[in-house]
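To start, the structure itself, in structure tokens.
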Amino acid sequence: MITIVNPASEEVVGAVPAAVGVDVDKAVRSARRAFDDGKWAACAPADRADALDRLAAALEARTEDAARLVTAEMGMPIAYSRQHNAAAPCAILRYYASLARGMDTEETRTAVSFTGRTVIRREPAGVAAVIASWNYPIMLAFSQLAPALAAGCTIVLKPAAATSLSAYILAEAFEAADFPPGVFNLVTGTHQVAGLLARHPGVNTVAFSGPAKQGRWIASICGAELKPASLELGGQSAAIVLDDADLSKASSSLGALCFGNSGQTCFAMSRVLVPERRYDEAVEALTSQAASLVIGDPLAEDTTMGPLASSRRRSDVEGRVRAGVSDGARVVKGGRRPASPVRGYFYEPTVLADVTPGMPIAQEEICGPVATVIRYRDESEAVAFANDGFGLAATVWTGDPQRGLDIAKRTRVGTFGVNLYEPDIGSPWGGRGASGQGSAYGPEGMDAYLTTKSVFLPAFG
């Protein structure tokens, strides 16, 4: 069994089975049978859409259970958890239900190489293994489950070990929505289970969200098996503050992007790039945002910052901040464990000034509530700093939207925000380079779960 500990109280909240090879094999065989019998893969896309809508309703009915369980597992403040572990997943399901209803599975083209035509079929890829991360466990699961199901794939879900309890809420919702047996399967366990799934010959495609190190390992397995993999990995995103930015308006959004979910967000804007003449102003604005956060019991409605997800996660953040200070960074706010609460893996929201781009604290993913403020001389230098690292996300803050769009064109990231950053479920979302490959959301999110077949037909008569 895997014991799950509440990071706010350090008390055990439950345990889940630690799957072994035979369990993985049973789950994959179940998904394989459900795919091969055609009841899901070959049914009309509109019928799959109806099932997705039923699933959204079933999950919606479990909003409070899902939100509170995720909060108990990893410490997300309850209001934030309701949004990201219930409301957002339901919206994702309904979006892909709407896409499925309008889905064209065949296209006919006039052949170029012979006299006749070609029918292009879009068919479900097969069995999909979805390996989800712990920081937004239900939302990240459904960012892949929804498009895979809409495409006609069957699923084996492997949640992160630390957030496995909440995955059983998903299983309950699938049963309540009356999905055919075997379409959804759940296995819990360590990262070794993820490797078994990626390697299993019955799995056709793999989606992984999590740390870059594990993502590379999964990618190496899939590469050896000639199996496609979608990878949503980490980030160390940059927020470029231009000299004309209104920091009084931008600071609350920047603060949320730096410290939201205790900084445990892949697109956290932990590198804040500021021109020299606005530097002190930006440091002061971020410090004010950090000071405004209410640290405490994540189940309390007024709490805006909960604990880090584990003792190991807090120790890692503490070590990175200490190393940054040794390298010359200056702690302006935070940088320590709070006096209260006494128990739990809490860490104060932290603002580090005098950070330079070459410091490890500015290069490596922190995954904690730490904002590093970096000076730049001109726009070209700011863009170069933003491009030096992960390729998931960046933002620009400016009084001139056109100027912001110009910066966006020069920044090598998968997603970019001008005076905001809010992933849109109707648009592709994903990273480049060390931040992974493939896209979630939008029609493009279904690409990993569909294959094409060309049927060549001669002219008749």
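The values are calculated or read from the model by the stated rules, or taken from the named source; none is laboratory data. Computed from a predicted structure; not experimentally measured. Reconstructed Cβ throughout: ideal geometry from the backbone, glycine too, with neighbour counts over all protein chains shown.
Looking at region 384-395, which of the residues that are outside any strand (DSSP E or B) and not hydrophobic (A, V, I, L, M, F, W, C) is nearest to R412 (Cα to Cα)?
First pass over region 384-395, keeping only residues outside any strand (DSSP E or B): 384-390, 392.
From the residues that got through so far, the ones that are not hydrophobic (A, V, I, L, M, F, W, C) too are 387-389.
Values: N387: 6, D388: 9, G389: 10 Å.
The residue in question is N387.
Taken together, A151, A250, A207, A245 contain a single residue that is buried (at least 22 other Cβ atoms within 10 Å of the Cβ) and either outside the structural domain of R48 (by TED's automatic domain parsing) or at pLDDT below 95 (or both), which is A245.
Out of G399, G426, G445, G358, one residue alone is assigned to a loop (DSSP other than H, G, I, E, B) and touching a helix residue (DSSP H, G or I) at 6+ places or on another chain (Cβ under 9 Å). It is G426.
The helices (runs of 4 or more DSSP H) found entirely in region 1-115 include none that carry 3 or more residues being assigned by TED's automatic domain parsing to the domain that holds P298, hydrophobic (A, V, I, L, M, F, W, C) and at positive phi. The criterion of at least 1 residues that are of a type in the set (S, T, N, Q) and over 24 Å from G358 (Cα atoms) is met, among strands (runs of 3 or more DSSP E) falling completely within region 210-306, by 229-232. Inside region 410-423, residues that are out of contact with any helix residue (DSSP H, G or I) (no Cβ under 8 Å at 6 or more places or on another chain) and under 15 Å from A238 (Cα atoms) make up a count of 3.
Before we move on, is Q236 without any contact (Cβ under 8 Å) to a residue 40 or more places away in the chain and either crowded, with 18+ Cβ neighbours inside 10 Å or in contact with a Gly (Cβ under 9 Å, 6 or more places away or on another chain) (or both)? Can you show your working first?
Working: without any contact (Cβ under 8 Å) to a residue 40 or more places away in the chain: no; either crowded, with 18+ Cβ neighbours inside 10 Å or in contact with a Gly (Cβ under 9 Å, 6 or more places away or on another chain) (or both): yes.
No; evaluated as a whole, the condition is false for this residue.
Pick out the one residue from S326, S311, S251, S220 that is closer than 26 Å to P423 by Cβ and hydroxyl-bearing (S, T, Y). Talk me through it step by step, then tell me what you get.
Working: S326 fails: closer than 26 Å to P423 by Cβ; S311 fails: closer than 26 Å to P423 by Cβ; S220 fails: closer than 26 Å to P423 by Cβ.
Answer to the selection: S251.
How many residues are part of a loop (DSSP other than H, G, I, E, B), buried (at least 22 other Cβ atoms within 10 Å of the Cβ) and either more than 26 Å from the chain's Cα centre (by Cα) or not β-branched (V, I, T) (or both) when one looks only at region 366-383? Going through region 366-383 one residue at a time, the tally reaches 3.
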